[in-house]
Amino acid sequence: MAFKESFLWGGATAANQYEGGFDEGGKGLNAIDVVTNGSATEPRCVTWKKADGTTGKSPISWGGEYLDFPADAEPALVDGFYYPSHTATDFYHHYEEDLKLMAEMGFKCFRLSLNWSRIFPNGDDPEPNQEGLAFYDKVFDLCHQYGMEPLVTLSHYETPLDLMIRFRGWHDRRMIDIFENYARTVFKYYKGKVKYWLTFNEINAMEMCPYMGGGLLDDNAQNRAQGAHNQFVASAKAVRAAHEIDPEMMVGQMLAYQPAYAYTCDPADQVLVLEHDQQMLFYTDVQSGGRYPDYQWKKYEREGIKLDDEPEDYELLKNYTVDFLSFSCYGSGVLTTHETEAKASGNLGMNGVKNPYLETNAWGWATDPQCLRLALNTLWDRYHKPLWIVENGIGWSDQIAEDGKIHDDYRIKYLQANIQSMDDAVNIDGVDLMGYTMWGCIDLVSNGTGEMKKRYGFVYVDRDDRGNGSLKRIPKDSFYWYKKVIENKGSDLSI
Ligand code: BG6
């Protein structure tokens, strides 16, 4: 079946993984600029220095473990390390070529994030950096020339480093007003050019990887809870600001949706899944539902967590819920209370068990198209807000064939099944879905591993894990397939 005429087909990126130009145009450093490369087996690390000149690195984990970061250190660039975000795949210098390629595929929408420290180099400077504002202005103008709506994330793991050094992360309440000022500045500046906004990428990263999600250096349960609270309030203030500045603007929340299945029919396994779902949907209950759920208050009570809050916070959360709910979804995980050999890794660090019915890629991520239909139904039934899949895709170590092309039939196969699953949710279940932006539409650096070889794109970029390569762009087979899918509005997914 076809998708509606206004359906926003496109692709998604993030500044820290795509843009590069890390010290150009007056940009300051951000959280990821001091994060090294890693691999499927070696974690990425944040590098640091102490006042006495000692330097070192702390491994970052996706999956709940606390970051071990010295209390007397500051995150910093250290000689001898490779930092993939510095050049990434260089959208900064290739944006004209890249937007042209996206337009050739027929994109209706392009998701990107603003590099907060390109606009405010220290996070909260008295005036924004004009050169930074001008860069995105050129990007948005070109998007409109090609008939593409930008979908802009305000914060995709790009907390300005200077704020992290001064406040040590989002658990400091001062971050709320600093973020509101940043949001107001860009809403005013890009009024009429950007209609769709997201506040925090994968807001539940605050629990899964708080260094990324919240720039948290002093990582513990209390600071994670406070960091999430502060982001909720900041996001509500951004929704209020957007509506004041331009009633046409729509601000969405963004959740990492990680469906979990029970490994056995033991009721204890179902309870485990329920608890997992609560910890994920807590974020949507607040931002889309407008209130803290009772299970979360009980959890905080049990764990002795006390929020530094104001009565006004809860008014803001109630009155300024998001206009739409977006999410990433790559696959599913399996949980059990039972001892089993079949341990799984991957999928944003969910510590679970391998699903015997699903295939995994080289990084252990299980691909599960049905989980899109499940996710869409769960979220639609719970909130009745318009939904948007803003990340989905498969990381693969693509190879250039002898004919100079990239024959990524595995990616086409993945996307066929995933798009069919969202078609089912729309056309069988009646879910209101606004759009679909495939993750990493032009190859970019992997967030989890910092590698280039974990590629998602419709377009190959010649760059390797150590920063070698010409940065040349080569459309893959999936490029031509996706172009056709957009042309026929998803009614024909065949090759
Ligand atoms: C999401 C992030 O978690 O997954 C992206 O929003 C990330 O930034 C994507 O790149 C895929 O993860 P990875 O680790 O394969 O890059």
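Since every read-out is calculated from the coordinates, none of them should be taken as a lab result. These numbers were taken from a predicted model, which means no experiment stands behind them. Cβ placement follows ideal geometry from the backbone for every residue including glycine, while neighbour counts extend to all protein chains displayed.
Hey, among G448, G393, G435, which residue is crowded, with 20+ Cβ neighbours inside 10 Å, farther than 20 Å from D98 by Cβ and touching a Leu at 6+ places or on another chain (Cβ under 8 Å)?
On inspection, the qualifying residue turns out to be G448.
Taking region 201-215, which residues are at negative phi and more than 9 Å from the ligand (Cβ to nearest atom)?
Those that are at negative phi and more than 9 Å from the ligand (Cβ to nearest atom): I203, N204, M206, E207, P210, Y211, G213, G214.
Just to be sure before I move on: is D408 buried (at least 21 other Cβ atoms within 10 Å of the Cβ) and more than 23 Å from the chain's Cα centre (by Cα) in the structure I sent?
yes
Identify all residues within region 364-391 that are within 12 Å of the ligand (Cβ to nearest atom) and over 18 Å from D432 (Cα atoms); write none if there are none.
G364, W365
Quick check on this structure: which one of D424, D465 is surrounded by fewer than 21 Cβ atoms within 10 Å (Cβ to Cβ), of a type outside the set (V, I, T) and within 16 Å of the ligand (Cβ to nearest atom)?
D465
Checking Q145 against (1) free of Cβ contacts under 8 Å to residues at least 40 places away in the same chain; (2) touching a strand residue (DSSP E or B) at 6+ places or on another chain (Cβ under 7 Å), only one condition comes out false. Which one?
(2)
Could you please find all residues in region 305-329 being over 20 Å from the mean Cα position of the chain (by Cα) and in contact (Cβ under 8 Å) with a residue 60 or more places away in the chain?
Once the filter is applied, which keeps residues that are over 20 Å from the mean Cα position of the chain (by Cα) and in contact (Cβ under 8 Å) with a residue 60 or more places away in the chain, region 305-329 yields I305, K306, L307, D308, D309, D313, L316, L317, N319, Y320.
Quickly run through region 25-39 and pick out the residues that are crowded, with 17+ Cβ neighbours inside 10 Å and closer than 18 Å to V445 by Cβ.
K27, L29, N30, A31, I32, D33, V34, V35, T36, N37, G38
Would a scan of region 233-243 turn up a residue that is exposed (fewer than 14 other Cβ atoms within 10 Å of the Cβ) and either assigned to a helix (DSSP H, G or I) or touching a residue at least 24 places away in the same chain (Cβ under 8 Å) (or both)?
no
Residues of region 44-58 being in a strand (DSSP E or B) and surrounded by fewer than 16 Cβ atoms within 10 Å (Cβ to Cβ), which ones?
Matches in region 44-58: K50, T55, G56.
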